[in-house]
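Take a look at the structure set out below.
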Amino acid sequence: MTAPLIINIDKLKQRCDERRVTTAVYVDCSNRNLTSIPPLPKLATSVDLTNNLLRMILFRNPFQGMSDLREINLSDNPLEYVTVNLFTGLFNLSKLIIRNSLLYKQTTLVLDSLLAGLYNLKEFSLTFELPKNRKFSPVPCSFRYKSQPFENIDAIGFAEILEIDTALLKWQTNETFKKVIYQTKSLHLINGFVCFYGTLTNRQFYYMPFLEMIKIDNIFLTSKLTDNFITTQKHLQHLAIYGPNTPYGYAIDLIYNVSVSISDLYKLKTLLLNGISNDLRLKFHCSLGLQNLSALNSLQSVSIIGNSLSFNSAEECDNFPKSLQHLDLQDNCFSSYDINYSVLFFNKQIKTLNASNQNRCSFKSLHKEWKQTQFPTQPAVETKNVYGLEWFVLTKSKEPLDFGESNDFYPNLTYMDLSSNFKVNSKIPSFFSSCRPSMIFFNMSKCKLSEIEEYSLSNLSKLETLDLSSNMLGSIGCVLSDRLSNLVSLEVLNIADNQINCFNSVRSMRNLQRINMSNNQLQSFDASLEYNLNLEYIDLSNNRISKLSEDNMRDLTAIAGQHNVEVILSGNVLLCTCDTLHILEWMIKTKVKLVKRNEYLCSYSNGSISTLKEISHIYSSLNNECSHKSTLIIFISVIIAFFLLMVSGILMYKFRWQIRYWYYKNKIKIPYKPTSYGYEQIFEYDAFISYASEDYEIARCGTLNELETKRGVHACIHERDFQPGESIALNISKGIRNSRRTILFVSDSFLKSEWCMYELNIARMESLHSKRKLILTVMIETIPYASIPVDVLDIINTYTYLKYPANKNDKDINVFWNKCAEFVLES
């Protein structure tokens with residue numbers, strides 16, 4: 001039986017990774033908990049042993065025979081002891097990094113012996129870390145060492161890039177010692193844990209005449225820099241001092257001494273003085289705290305971060321050269337007035353200014369709300385103050401935000417961040433955009449804004465990103481979208497958390513890619529997206545939206561047909577009813593990415609709420625339920641429609657003559673004449689003659705001979721007086737309305753004639769509505785009472801009627817026509 005294979009995991013962990021690139025061989029042994037250096041490839045050019053447990057490297061030389069080695073990194077190991085011949089024979093070694101070691105415990109170590117023969121060493125780092133279980137009790141270097149720590153250290157003079165503990169600075173200079181000039185161009189001083197210098201002077205830098213960069217980091221025990229500590233560094237281009245955190249008085253002196261020390265370094269490009277003061281608030285005076293640096297025409301960037309600086313009164317910071325382009329004032333206590341009128345006004349050439357987090361003030365501000373008239377040196381001019389500013393940040397100021405004046409002009413300003421300024425005057429002034437026409441990025445979130453004046457943003461046609469989130473812009477109402485309508489280049493719009501309940505247009509923003517309107521009070525999204533075909537993302541979460549409109553779905557579908565688009569609707573309670581069934585169907589089928597759709601909430605008609613995790617099942621169930629309801633609704637609708645149709649038919653039949661009468665009445669124009677009693681109708685005819693064609697002889701001939709010829713009555717007879725081309729119904733209505741009286745010659749033929757009955761009813765309607773004595777009924781023949789229609793009986797029973805003489809006696813006929821004429825001509 002074969003024994004099981006046992007794998008030593010610890011040994012596998014100790015194997016190093018090897019990577020070859022052309023002739024270079026990189027060996028990575030980092031992060032393996034190594035307690036000793038494993039065998040290494042002889043042809044290796046770079047070895048990384050960082051972050052292991054190497055404590056001592058004693059007699060064996062792990063790098064022996066590796067003549068091609070260029071780089072070694074032993075950082076982040078608890079190294080306490082190394083053999084003095086550790087790097088012997090590594091003639092090509094150019095980079096040696098030993099950061100965060102404990103080699104200061106090796107009191108017999110001579111640095112020159114350790115680095116002997118490394119003539120090609122160009123970059124060297126040696127810094128220290130205290131054990132975490134020991135209390136740190138630093139002492140001055142002059143007390144701890146009678147001579148230089150690690151004795152002779154001139155071997156590091158070959159390195160052009162040097163990163164060392166400040167204890168390794170040469171602090172003894174004696175003519176008896178061999179004078180060595182270091183080739184160092186970049187010097188990084190850190191920690192100071194072995195021992196410390198209370199004061200840094202030029203004696204610690206005179207042997208490094210080629211320095212181009214000095215970085216002094218975390219020298220918290222150095223309280224003083226002399227005013228000439230780097231005056232001899234004529235090649236210096238970059239100076240950075242981080243975190244001494246000195247008390248008030250020392251901090252003022254340190255800043256001033258640095259400015260004096262560099263006042264003749266004409267190649268200096270960058271100056272950083274960050275974390276100088278640990279005081280609660282450092283009252284700073286430009287005229288007293290800074291040497292005049294106006295002659296440093298190479299100085300482009302100044303950083304004074306985290307110093308609790310503030311101006312106690314109006315200052316004139318005109319100490320900087322015109323070459324200054326970038327100023328960083330983060331984490332201080334300057335007001336916007338300080339920035340605008342003490343700094344920018346006297347340094348209009350500045351392109352970028354970062355004044356974020358101006359809240360490093362631990363007690364209540366003594367500043368008052370500044371007015372321009374309070375600044376005595378501000379010149380009163382009519383022309384614009386033109387600034388070169390390109391990039392500006394001012395955040396978390398403890399002072400009221402000052403937008404400057406309407407005659408300030410920033411033609412090159414493209415980036416502006418004024419976020420988290422809670423002491424804003426509730427609105428953006430109207431002159432804001434006209435002073436800053438080139439802005440591309442503008443952030444004024446978390447500023448308690450409640451108003452944007454009409455022209456505040458109207459000139460920002462180049463703006464691409466606008467963040468006005470976490471304000472109170474909902475108080476503007478629907479006008480908000482109008483205030484943003486000129487932002488034609490906008491790509492990103494963030495107006496989340498503003499209590500907005502109305503936003504109805506993004507039509508002009510055709511480049512818009514991202515919209516964030518979350519955490520508002522929108523009940524619907526009314527802005528059309530028809531022209532926003534570049535849209536990629538829209539966040540409408542945590543509003544009060546219950547459904548999407550047809551326009552929303554149509555526009556989003558059109559956009560999704562061209563590219564991916566994401567929509568967030570979480571935090572809204574959507575309706576799941578028969579009326580919104582088509583929306584659920586769209587949500588299932590659409591190509592639009594509905595982010596976290598399964599978490600959307602859905603409210604049913606019975607008041608219950610669920611998520612849309614099972615949206616297909618919800619849609620199917622709701623669809624079946626709505627189908628049954630639809631069938632019932634259709635059935636009931638048909639019954640109701642039939643009932644309404646029947647009622648309508650009955651009503652129309654009952655009131656058919658009224659309907660016809662009013663229809664034609666509105667089409668007929670009647671002439672009137674003024675009288676002493678008002679207006680009186682002008683009649684064209686005296687009488688309208690209604691008869692059946694079978695009664696032609698009595699009605700028409702009798703009328704012509706007896707009424708018109710003998711008695712002067714002007715009658716309307718349809719064969720003669722109706723207007724050709726017009727409808728019969730209109731002619732009848734017009735004839736009756738234009739006649740003073742209507743005579744109905746009723747016979748059995750009359751009652752059977754449709755048009756005769758039409759004339760009878762129109763005459764009856766005219767009589768009722770005009771309240772005139774209008775109708776005279778003539779019974780030509782005897783008709784059984786039961787055969788007479790109700791309409792005719794109503795007229796006979798209401799009005800007096802005449803009977804045509806059946807005996808055809810001339811005397812009786814003459815009396816008949818006299819009575820007819822009397823009725824017609826009666827006034």
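To keep it simple, each residue is scored yes or no on (1) under 17 Å from Thr201 (Cα atoms); (2) modelled with pLDDT of 80 or more.
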site: Gly243; (1), (2): no, no
site: Tyr250; (1), (2): yes, no
site: Val258; (1), (2): yes, yes
site: Ser261; (1), (2): yes, yes
site: Asp264; (1), (2): yes, yes
site: Lys267; (1), (2): no, yes
site: Leu271; (1), (2): no, yes
site: Leu280; (1), (2): no, no
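Return yes or no: is Arg764 open to solvent by 30 Å² or more (accessible area, probe 1.4 Å) and in contact (Cβ under 8 Å) with a residue 60 or more places away in the chain?
Criteria met by Arg764.
Looking across the range 181-193, just one residue is open to solvent by 30 Å² or more (accessible area, probe 1.4 Å) and either at pLDDT below 80 or assigned to a helix (DSSP H, G or I) (or both), and that is Phe193.
Here Leu74 passes the criteria (1) surrounded by 19 or more Cβ atoms within 10 Å (Cβ to Cβ); (2) in contact with a strand residue (DSSP E or B) (Cβ under 7 Å, 6 or more places away or on another chain); (3) modelled with pLDDT under 90 except the one numbered (3).
Just to be sure, is Leu707 touching a residue at least 60 places away in the same chain (Cβ under 8 Å), among the hydrophobic types (A, V, I, L, M, F, W, C) and farther than 24 Å from Glu822 by Cα? Spelling it out, it is not the case that Leu707 is touching a residue at least 60 places away in the same chain (Cβ under 8 Å), among the hydrophobic types (A, V, I, L, M, F, W, C) and farther than 24 Å from Glu822 by Cα.
Selection of first residues in the range 6-33 that are open to solvent by 90 Å² or more (accessible area, probe 1.4 Å) and of second residues that are at pLDDT below 90, restricted to Cβ pairs under 7 Å at least 6 apart or on distinct chains, gives the following pairs, ordered by first then second residue: Asn33/Lys13. Inside the range 194-221, residues that are among the polar types (S, T, N, Q) and at pLDDT below 75 make up a count of 1. Annotation: Thr107 fulfils all but one of (1) at pLDDT 90 or above; (2) under 25 Å from Cys141 (Cα atoms); (3) surrounded by fewer than 18 Cβ atoms within 10 Å (Cβ to Cβ); the unmet one is (1).
When the range 503-515 is filtered for residues that are open to solvent by 20 Å² or more (accessible area, probe 1.4 Å) and in a loop (DSSP other than H, G, I, E, B), the ones remaining, listed by number, are Asn504, Arg507, Ser508, Arg510, Asn511, Gln513. For residues that are β-branched (Val, Ile, Thr) and part of a loop (DSSP other than H, G, I, E, B), scanning just the range 34-65, find the one that is surrounded by the most Cβ atoms within 10 Å (Cβ to Cβ). Filtering the range 34-65 for residues that are β-branched (Val, Ile, Thr) and part of a loop (DSSP other than H, G, I, E, B), the one surrounded by the most Cβ atoms within 10 Å (Cβ to Cβ) comes out as Ile37.
If the condition is being open to solvent by 70 Å² or more (accessible area, probe 1.4 Å) and either at pLDDT 80 or above or under 20 Å from Met213 (Cα atoms) (or both), then the range 128-159 contributes only Phe158. Asn425 satisfies every condition listed in (1) closer than 22 Å to Leu293 by Cβ; (2) at pLDDT below 80; (3) not basic (Lys, Arg) except (1).
Count of the range 362-402 residues, restricted to those that are under 24 Å from Gly306 (Cα atoms) and either within 28 Å of the chain's Cα centre (by Cα) or modelled with pLDDT of 85 or more (or both), is 14. Among the numbered conditions (1) open to solvent by 10 Å² or more (accessible area, probe 1.4 Å); (2) touching a helix residue (DSSP H, G or I) at 6+ places or on another chain (Cβ under 7 Å), the only one that Thr83 does not meet is (2). When the test is whether a residue is of a type in the set (Lys, Arg), at pLDDT below 85 and not in a helix (DSSP H, G or I), Lys234 does not pass it. The set of residues in the range 483-502 that are over 25 Å from Ser546 (Cα atoms) and surrounded by fewer than 22 Cβ atoms within 10 Å (Cβ to Cβ) comprises Arg483, Ser485, Asn486, Val488, Ser489, Glu491, Val492. Scanning the range 550-587 for residues that are farther than 23 Å from Ser621 by Cβ, touching a Lys or Arg at 6+ places or on another chain (Cβ under 8 Å), open to solvent by less than 50 Å² (accessible area, probe 1.4 Å) and not in a helix (DSSP H, G or I) yields Val565, Val567, Ile568. The residue of the range 317-340 that is nearest to Lys234 (Cα to Cα), among those that are of a type in the set (Asp, Glu) and either under 38 Å from the mean Cα position of the chain (by Cα) or open to solvent by less than 20 Å² (accessible area, probe 1.4 Å) (or both), is Asp328. Of the residues screened, Ile813 is not one that is touching a helix residue (DSSP H, G or I) at 6+ places or on another chain (Cβ under 9 Å), surrounded by 18 or more Cβ atoms within 10 Å (Cβ to Cβ) and farther than 21 Å from Glu684 by Cβ. Whether any residue in the range 524-539 is of a type in the set (Gly, Ala, Ser), over 17 Å from Ser603 (Cβ atoms) and part of a loop (DSSP other than H, G, I, E, B) is what I want to check. Taking every residue of the range 524-539 in turn, at least one turns out to be of a type in the set (Gly, Ala, Ser), over 17 Å from Ser603 (Cβ atoms) and part of a loop (DSSP other than H, G, I, E, B). Hey, could you check the range 289-304 for residues that are more than 22 Å from Ala355 (Cα to Cα) and of a type in the set (A, V, I, L, M) and say which is most open to solvent (accessible area, probe 1.4 Å)? Across the range 289-304, the extreme among qualifying residues is Ala295.
Figure legend. Inter-residue proximity from the range 104-120: first residues among the basic types (Lys, Arg), second residues assigned to a loop (DSSP other than H, G, I, E, B), beta-carbon distance below 6 Å, spacing 6+ or different chains. Indicated pairs: Lys105/Glu80. For the range 400-453, a tally of residues being open to solvent by 10 Å² or more (accessible area, probe 1.4 Å), part of a strand (DSSP E or B) and of a type in the set (D, E, K, R) returns 3.
Under 20 Å from Pro789 (Cβ atoms), hydrophobic (A, V, I, L, M, F, W, C) and either touching an Asp or Glu at 6+ places or on another chain (Cβ under 9 Å) or buried (at least 16 other Cβ atoms within 10 Å of the Cβ) (or both), is that true of Leu751? In short, yes.
Selection of the range 779-799 for residues being within 23 Å of Lys710 (Cβ to Cβ) and either without any contact (Cβ under 8 Å) to a residue 60 or more places away in the chain or open to solvent by 70 Å² or more (accessible area, probe 1.4 Å) (or both) yields only Met779.
The values are calculated or read from the model by the stated rules, or taken from the named source; none is laboratory data. Not measured: the values here are computed from a predicted model. Quick reminder, even Gly has a Cβ in these numbers, built from the backbone with ideal geometry, and neighbours come from all protein chains shown. The protein model used for the area step is the full one, side chains on, heavy atoms only, and it has no ligands, DNA or RNA in it. Shrake-Rupley method; radii C 1.70, N 1.55, O 1.52, S 1.80 Å.
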